Structure formats: structure tokens, C-alpha cells
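A.B. asks: Attaching a single structure in C-alpha cells format; questions to follow.
The values are calculated or read from the model by the stated rules, or taken from the named source; none is laboratory data. Bear in mind the structure is a predicted one, so any value in this text is a computation, not a measurement. Please note: Cβ atoms are built from the backbone with ideal geometry, for glycine as well, and neighbour counts cover all protein chains shown. Note: accessible area is taken over every heavy atom of the protein model, side chains too, but ligands, DNA and RNA are not part of it. Shrake-Rupley method; radii C 1.70, N 1.55, O 1.52, S 1.80 Å.
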Amino acid sequence: MGERLPIIAGNWKMNNTIKETKELLTALIPLVKDAKAEVAVCVPYTSIATARKLIRGTNIKLGAENVHWADKGAFTGEISADMLKELKVEYVIVGHSERRQFFGETDETVNKRAQAALSRKLKPIICVGELLSERENGKTDEVVIRQTKGAFAGITKGNLKNIVIAYEPVWAIGTGKTATAEDADKTIAVIRKTIGGLYGKVAAEAIRIQYGGSMNAKNVTELMAKPNIDGGLIGGASLKAEDFSKVVLGA
Ligand code: 13P
């Protein structure tokens, strides 16, 4: 893994009220305080202010789950980068497969959201990953290459240090099925090579690429042992303090 600092980020998705946010973070803070990996929680908008207060002064970083590309305007239900920045959000997930599947997100809108995040000094966690049908048709590499190129269009090299990529095979999300560590590593290597093609080898070696999809306390060690895997984007296992802390400490 070289010099890349692993990053374990929880993606809470549409889970946790303010009350539950308080309970979860209060339990989590002492459990991960000695983590070697970078730790982040990406929380629903309604939990951001509460999470911010609770994690201030701890080693847990704050993230959001989406951001709109426009500065402001008539985009009902969306949130701007300035709004997140005002709440001291550091990371923001962009292009999660659930956004692509259920909310019409495309490579182009993922790119626009990533650019908006970067323009306000938010760090996007850009998600890519193939569907089961694409994997079965041998299209995994083609899909992640297309998604990666699409997401990074127009993004300059100077921004790369503020970007994390998450490789999340869609069929492994919330299903209990994990990609084998070998397969995950292989596909992440393809993504890294794609970054290399766009920005050069040094940049490719420096960028952090997480795995996501049923990652948990049991499989974290095996996944993290792979040279290309720099951490994880954790859904289900990020919703219980004990489970999430085990993933963090295993990274
Ligand atoms: P699970 O860990 O629940 O499979 O979710 C992964 C994910 O989508 C993280 O963004």
C-alpha cells in the first residue's frame, strides 16, 4: 500500500435520526480514538450539525452523502457545496451506486458534483463499480474505466490529493457478498491504471482507492492486505459503533 494512509469511511445512507446519531457517535468516539487509519462518517444532512458538535476535537472526520453542482438556485431537495462547507463538512460521497440506480445519476452529473465539491475545498469520495450483469458479461474493467474517466473529466492534477475513489461492485452492496480480495484488488488496479493514464504514474500511486460492499470486521484484514486497497466505504457495518470500530481498527 506504500505511503497511502488508509481511510475507513462510514456511509450511513438514510439511517439515523439525531437521537440515534448522538448514541452512535458517543459510543464510537472512544472506540476509534487510537485508530491508525483515517476515520470518517458520512451522515444524512439532518445529522451533520449534531455530528459536527460531537466529533469536534476527535480523530473522526465529517462527511456528507451528496452535493449538488450548482452554487445555488431552483433545485428542490438538493444541497450546495457552500452549505456543506458552512457546516465544516470535509468529505462528500459522490456518485454512489444508489444515486446512479435510483436517482438518475450519470457519469456526467457525478463529474459535475465532484467539480463543485472541489471548487469549495470539499473532498469528494467518488464511487465507481459494476452491476452484477456487467460483471457476468465480462464488462467490469470497461465499466470502471468509463466511470473513472467520466468522473475525472476536466479535473486537474492539483486536485487529486483531495479526492478518494471508492470501488463498490454494486452486487456486493448490502448483499453480504464481498468481492474476493483478489478480485477487488485487481479491479482497483485497473482504476489506478486509468488514473495513471490520465495523470501519470506518480499520481496513480498516490491516490487512495477504497473498497466498498459488505466490508466488515471479518473480511477487513484480508481486503486491507491487498496492495491496491486503501481502506473502505462501509454501509451496514458502520451503523453499529462496535462493528464499525472493528473495521477501523482492522485497517
Ligand atoms: P454495505 O457495506 O452495506 O454493503 O454498503 C456498502 C456501501 O454502499 C457503502 O457506500
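A.B. asks: Looking at (1) at positive phi; (2) open to solvent by less than 30 Å² (accessible area, probe 1.4 Å); (3) without any contact (Cβ under 8 Å) to a residue 24 or more places away in the chain, which one does Gly138 not meet, given that it meets all the others?
C.D. replies: The number of the failed condition is (2).
A.B. asks: Still on this model: Specify which of the listed residues (Ile188, Ile126, Ile163) is open to solvent by less than 10 Å² (accessible area, probe 1.4 Å) and over 26 Å from His68 (Cβ atoms).
C.D. replies: Numbers: Ile126 fails: over 26 Å from His68 (Cβ atoms); Ile163 fails: over 26 Å from His68 (Cβ atoms).
Step by step, each of Ile188, Ile126, Ile163 is checked, and only Ile188 is open to solvent by less than 10 Å² (accessible area, probe 1.4 Å) and over 26 Å from His68 (Cβ atoms).
A.B. asks: Give all pairs with beta carbons closer than 6 Å in which a residue from segment 145-173 that is among the small types (Gly, Ala, Ser) and away from the ligand (no atom under 16 Å from the Cβ) meets a residue that is at pLDDT below 95 and open to solvent by less than 40 Å² (accessible area, probe 1.4 Å); count only pairs at least 6 apart in sequence or on separate chains.
C.D. replies: none
A.B. asks: Considering only residues that are assigned to a loop (DSSP other than H, G, I, E, B) and either under 16 Å from Lys177 (Cβ atoms) or more than 15 Å from the ligand (Cβ to nearest atom) (or both), which ones fall in segment 213-227? I'd like the intermediate steps shown before the answer.
C.D. replies: If we filter segment 213-227 for residues that are assigned to a loop (DSSP other than H, G, I, E, B), which is where we start, we get 213-219, 225-227.
Within segment 213-227, Gly213, Ser214, Met215, Asn216, Lys218, Asn219, Ala225, Lys226, Pro227 qualify.
A.B. asks: Report, by residue number, each residue of segment 128-164 that is assigned to a strand (DSSP E or B) and in contact with a helix residue (DSSP H, G or I) (Cβ under 6 Å, 6 or more places away or on another chain). Break it down stepwise before answering.
C.D. replies: Keep residues of segment 128-164 that are assigned to a strand (DSSP E or B), which gives 128, 164.
Once the filter is applied, which keeps residues that are assigned to a strand (DSSP E or B) and in contact with a helix residue (DSSP H, G or I) (Cβ under 6 Å, 6 or more places away or on another chain), segment 128-164 yields only Val128.
A.B. asks: While we're looking at this one, here's another question. Collect the residues in segment 228-251 that are buried (at least 19 other Cβ atoms within 10 Å of the Cβ), within 12 Å of the ligand (Cβ to nearest atom) and in a loop (DSSP other than H, G, I, E, B), keeping them in residue-number order.
C.D. replies: Residue satisfying the conditions is Gly235 alone.
A.B. asks: Among the residues of segment 73-113, which ones are surrounded by fewer than 17 Cβ atoms within 10 Å (Cβ to Cβ), closer than 20 Å to Thr46 by Cα and touching a Gly at 6+ places or on another chain (Cβ under 8 Å)?
C.D. replies: Glu90
A.B. asks: Can you tell me which condition Lys85 does not meet? The list is (1) of a type outside the set (A, V, I, L, M, F, W, C); (2) in contact (Cβ under 8 Å) with a residue 40 or more places away in the chain; (3) within 26 Å of Ala206 (Cβ to Cβ), and all the others hold.
C.D. replies: The number of the failed condition is (2).
A.B. asks: Of the residues that make up segment 198-206, is at least one among the aromatic types (Phe, Trp, Tyr) and either open to solvent by 10 Å² or more (accessible area, probe 1.4 Å) or within 16 Å of Lys123 (Cβ to Cβ) (or both)? Step through it out loud before you land on a result.
C.D. replies: Of the residues in segment 198-206, the ones among the aromatic types (Phe, Trp, Tyr) are 199.
Subsequent filtering for residues that are either open to solvent by 10 Å² or more (accessible area, probe 1.4 Å) or within 16 Å of Lys123 (Cβ to Cβ) (or both) retains 199.
Scanning segment 198-206 turns up at least one residue that is among the aromatic types (Phe, Trp, Tyr) and either open to solvent by 10 Å² or more (accessible area, probe 1.4 Å) or within 16 Å of Lys123 (Cβ to Cβ) (or both).
A.B. asks: Just one of Ala70, Ala116 is closer than 25 Å to Ile60 by Cβ, touching a residue at least 40 places away in the same chain (Cβ under 8 Å) and open to solvent by less than 50 Å² (accessible area, probe 1.4 Å); which is it?
C.D. replies: Working: Ala70 fails: closer than 25 Å to Ile60 by Cβ.
One residue alone meets the criteria, Ala116.
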